[in-house]
Amino acid sequence: MKYISILILTSILFLISSSCDKDYLKKEVVISNMERVANYELEHPSRDNIKKNNNHENGWVPSTFYVSLIPLYEATNNEKYLSAVEDWGSSFDWNCAPRLRHADDLACGQVFLDLYRHKKESVYIEKLQQRMDSLVATAIPGREDWSWCDALFMAPPVYMMSGEILNDQKYYDYADNMFWDVYDYLYDKDEHLFYRDARFFNKKSPNGEKVFWGRGNGWVIAGLARQIPYIKDEKMKQPYIKLFKEMAKKISSLQQEDGMWRSNLLDPNDVPKKEASSTAFNAFALAWGINNGLLDEESYRPVVEKAWVSLSKCINEETGMIGWVQPIGAAPGDTDKNTTMAYGAGAYVLLGTEILKLPKN
């Protein structure tokens, strides 16, 4: 009798929990949580707390948050987020970050181009074009400019967006050549994952697995989702779609029971705590794939929804800060409920905009 009572109580608690989880997927809750996370980051920019060489106001850290605000504006029609982007770019006169050849310092271009789509003010992109034209004219063969996988989120979408928005083939060609050079260098064709950089080619985790960084692969697959829509030439586009599908299949298989991914993808026990930035970037890409007909909804939607619910539970109820975000790094690393960074907020907001587009949502 006691066993039956425990079983009934367990079943009731499971049903209550399942019902509460579904609430996170309601449109009004999705929008509320996106705005809470975005508002917290706008009011408490996490770049203020990081080392100097990553603290540029137009650098990759804030850029990977601001990249989510135009999609958030498009999802909510809240002019606040459009204005926030305009105020941000105006504060540094629409300059790119200072390192000329560094892919990270071009990430702000995604934000400039997104705003340009709406307002068509040439001032937003004039200096960006000068930077891109300089790099196209002085292209360096090999892996000198882009030699780490994060670069595939930061720079290629800028060039692919420019190719379509500015109607200039040279940007497509430059990004395409550079992207596949990095692919040949860092992609493991057996595991369908990217090494973060050359340091990891022969490295093994404590259980003997190859080391693939969670956020690093999140950068890559999210970058694919950001650039594929702008590639108009089907011959050029299809290899990116093939790569996207390969990575999506592998990455979805590595989701943990709690709905999150870990910092070390093939050895989740190496750094066992959940990690929000890789989870959000991965889930954003998978949701985008569903919404654009590249991934099977029946197979991938449960993965996406489970990730969204788990990420939403990482938000501080009082402040709106999303926690469990691995700090700046270049390898698997630790995290906790109080660690946050701009890119974690940006990835969560990007995912939310795709959650709203899921069929019947």
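The values are calculated or read from the model by the stated rules, or taken from the named source; none is laboratory data. Quick caveat, the model's predicted, so the values are computed rather than measured. A quick note on method: Cβ atoms are made from the backbone with ideal geometry, for glycine too, and the neighbour counts reach across all protein chains shown. For the accessible areas, the whole protein counts, side chains as well, though only heavy atoms, and no ligand, DNA or RNA atoms are used. Shrake-Rupley method; radii C 1.70, N 1.55, O 1.52, S 1.80 Å.
The selection criterion, being closer than 26 Å to residue 195 by Cβ, within 26 Å of the chain's Cα centre (by Cα) and open to solvent by 40 Å² or more (accessible area, probe 1.4 Å), holds for residue 177.
When the stretch 322-361 is filtered for residues that are buried (at least 21 other Cβ atoms within 10 Å of the Cβ) and of a type in the set (A, V, I, L, M), the ones remaining, listed by number, are 322, 325, 341, 342, 345, 347, 349, 350, 351, 355. Is it true that residue 105 is at pLDDT 95 or above, outside any helix (DSSP H, G or I) and over 16 Å from residue 349 (Cβ atoms)? It is false that residue 105 is at pLDDT 95 or above, outside any helix (DSSP H, G or I) and over 16 Å from residue 349 (Cβ atoms).
Please give the helices (runs of 4 or more DSSP H) falling wholly within the stretch 151-209 in which 3 or more residues are free of Cβ contacts under 8 Å to residues at least 24 places away in the same chain and of a type outside the set (Phe, Trp, Tyr).
By residue number, 169-186.
Within the stretch 182-225, can you find the residues that are more than 21 Å from the chain's Cα centre (by Cα), over 24 Å from residue 335 (Cβ atoms) and either crowded, with 17+ Cβ neighbours inside 10 Å or among the basic types (Lys, Arg) (or both)? Passing the criteria: 185, 189.
Of the helices (runs of 4 or more DSSP H) that lie entirely inside the stretch 1-92, those containing 2 or more residues that are modelled with pLDDT under 95 and either under 29 Å from residue 304 (Cβ atoms) or open to solvent by 20 Å² or more (accessible area, probe 1.4 Å) (or both) span 2-23.
Taking the stretch 304-361 as the range and being among the β-branched types (Val, Ile, Thr) and within 16 Å of the chain's Cα centre (by Cα) as the test, the residues that pass are 304, 322, 325, 328, 340, 349, 353, 355. From the list 306, 273, the one residue that fits, being basic (Lys, Arg) and crowded, with 18+ Cβ neighbours inside 10 Å, is 306. Screening 278, 252 for residues that are at pLDDT 95 or above and buried (at least 24 other Cβ atoms within 10 Å of the Cβ) leaves exactly one candidate, 278.
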